[in-house]
Amino acid sequence: MKKMSYIAGLVIALIAGIALSAAYFSNFGNNKPPKKIIKKMVMPVKKGVFVSSRQRQLYGITVGTVKYRKISRIIKSIGELTTAEPLIKKISLRYSGYITKLYANKPGMKIFAGEKLFKIYSPSIFNAEKNLFLAYKNYKNAKKTNYKFNISESKRYYRAAEKRLELYGGISGSQINEIKKGIYVKSDIAIYSDMSGILLKKYVYSGQHFTRGQTLFKIAGLNKLWMNAWIYQNDLKFIRKNSGVSVEFSAYPGRIFNGRVSFVYPYLKSRARITEARIVFNNRKGLLQPGMFGNVKFVIKPQRQLSVKASSVLWTGTKPLVFIYGGKGYFVPEHVVLGKRWGNYYPVINGLRAGEKVVTSGTFLISSDANLKQSVNSMAGMPGM
């Protein structure tokens, strides 16, 4: 870029030199070029750059008005789908024992509510089953005697045994009813899943001993998924909870999946200077899978703001420049402070007022013409010119 700027400067200086040389030799013998030439080529500092109507037509220069507009904002990002933490469940038991048989033995396999996960043998459960069976049997025998004290006491013991087995967990109500009837008193019992999802990970094998509270399986429901999308700190003020989001995945080109922002993390990552927004998707059809990357668009509600067309702005280094039309063919350069570009417009923070007219096309040509005239102006004051 520096080389190109240097070459462009040389070309402009060369053109200016040729023009001045022609003027000088046409008035040979004088030390100064003709006044008409100088007056035509030098840029008046106060009025700005003069461009004749013929030049405006030739350059295709148009003028527009700075005004308040409703600017619609779209913030683009990327994100990765993950399992929703509220739908992740770790399977553990409140007693120790042994795995006698595994049914859920392949990570990634689908699990349905009510499906067998594994069978276990536990001395604690086996004794609790026998106690419940005997307590219930005594209760039925006491009812036959019609002796109220025996009935109430046997019922209390029976209820306590039933409650104890319920508190152990992992045993359904139908299993408890079968135990009371003497149908289901067995050394090993089946443990069923109480949710549908996929088996994320298994931590045990058939025949393995497990302890109380040990994690045996991890299951995740996929009816809802989370996506963590990156947000730069400049865009944080526009992202709010419940903001609408549209995402496109490469697995489904042309198809848009809509979601909602449920949470914006209240801190930035120190190195990248970004934060993340959590987006929730309904996935009842099961089309989406954890680990998918998607192109995210945050749709921000339109806001009324003073703005200028992007084609009006000329970036000179780090400072944006616009040409304000001052009337009678004069265009005045003005540095402005702008916000982040949204579509075809820049929000105006400082430097312009509503109603002012600015160049909307041909800005670069006016700037080039102004640079040429400045070069000629500086050369006109040199000795011998």
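The values are calculated or read from the model by the stated rules, or taken from the named source; none is laboratory data. Computed from a prediction, not measured in an experiment: that's the story for all the values here. We place every Cβ from the backbone using ideal geometry, glycine too, and count neighbours over all the protein chains shown.
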Region 103-127, residues that are surrounded by 14 or more Cβ atoms within 10 Å (Cβ to Cβ) and among the small types (Gly, Ala, Ser): Ala104, Ser122, Ser124
Exclusive hit being in contact with a Pro (Cβ under 9 Å, 6 or more places away or on another chain) and of a type in the set (Val, Ile, Thr), set Ile198, Ile231: Ile198
In region 237-246, the residues that are touching a residue at least 12 places away in the same chain (Cβ under 8 Å) and surrounded by fewer than 16 Cβ atoms within 10 Å (Cβ to Cβ): Arg240, Lys241, Asn242, Gly244, Ser246
Subset of region 269-285 that is at pLDDT 90 or above and surrounded by fewer than 18 Cβ atoms within 10 Å (Cβ to Cβ) - its residue that is farthest from Pro86 (Cα to Cα): Asn282
Residue within region 97-108 that is in contact with a Leu (Cβ under 7 Å, 6 or more places away or on another chain), assigned to a strand (DSSP E or B), at pLDDT 90 or above and over 30 Å from Leu306 (Cα atoms) present: no
Residues located in region 338-350, provided they are crowded, with 17+ Cβ neighbours inside 10 Å and modelled with pLDDT of 85 or more: Leu338, Tyr345, Tyr346, Pro347, Val348
Enumeration of residues in region 120-172 that are under 28 Å from Val204 (Cβ atoms) and hydrophobic (A, V, I, L, M, F, W, C): Ile120, Ile125, Phe126, Ala128, Leu132, Leu165, Leu167, Ile171
Which listed residue is hydrophobic (A, V, I, L, M, F, W, C), at pLDDT 90 or above and within 30 Å of Gly79 (Cβ to Cβ), from Leu306, Leu288: Leu288
Some residue of region 177-190 being free of Cβ contacts under 8 Å to residues at least 60 places away in the same chain and on the phi > 0 side of the Ramachandran plot: yes
Qualifying residue in region 328-337 (condition: surrounded by 14 or more Cβ atoms within 10 Å (Cβ to Cβ), in a strand (DSSP E or B) and under 33 Å from the mean Cα position of the chain (by Cα)): no
Contacts under 6 angstrom Cβ, first residue in region 124-137 being in contact (Cβ under 8 Å) with a residue 40 or more places away in the chain, partner among the aromatic types (Phe, Trp, Tyr) and buried (at least 16 other Cβ atoms within 10 Å of the Cβ), 6 or more apart: Ser124/Tyr95; Tyr136/Tyr158
Among (1) under 40 Å from the mean Cα position of the chain (by Cα); (2) in a loop (DSSP other than H, G, I, E, B); (3) surrounded by 14 or more Cβ atoms within 10 Å (Cβ to Cβ), the one test that Ile171 misses: (1)
Condition met for Lys202 (over 30 Å from Gln289 (Cβ atoms) and among the basic types (Lys, Arg)): no
Elements of type strands (runs of 3 or more DSSP E) in region 215-314, at least 2 residues being polar (S, T, N, Q): 256-264, 274-282, 293-309
Residue that is among the hydroxyl-bearing types (Ser, Thr, Tyr), closer than 30 Å to Asn283 by Cβ and in contact (Cβ under 8 Å) with a residue 60 or more places away in the chain, where the choices are Ser196, Ser172: Ser196
Candidate set: region 56-80, residues that are outside any strand (DSSP E or B) and either in contact (Cβ under 8 Å) with a residue 12 or more places away in the chain or in the same structural domain as Asn234 (by TED's automatic domain parsing) (or both); chosen: the one surrounded by the fewest Cβ atoms within 10 Å (Cβ to Cβ): Gly60
Gly317, sole failed condition from (1) surrounded by 16 or more Cβ atoms within 10 Å (Cβ to Cβ); (2) without any contact (Cβ under 8 Å) to a residue 60 or more places away in the chain; (3) more than 30 Å from Ser246 (Cβ to Cβ): (1)
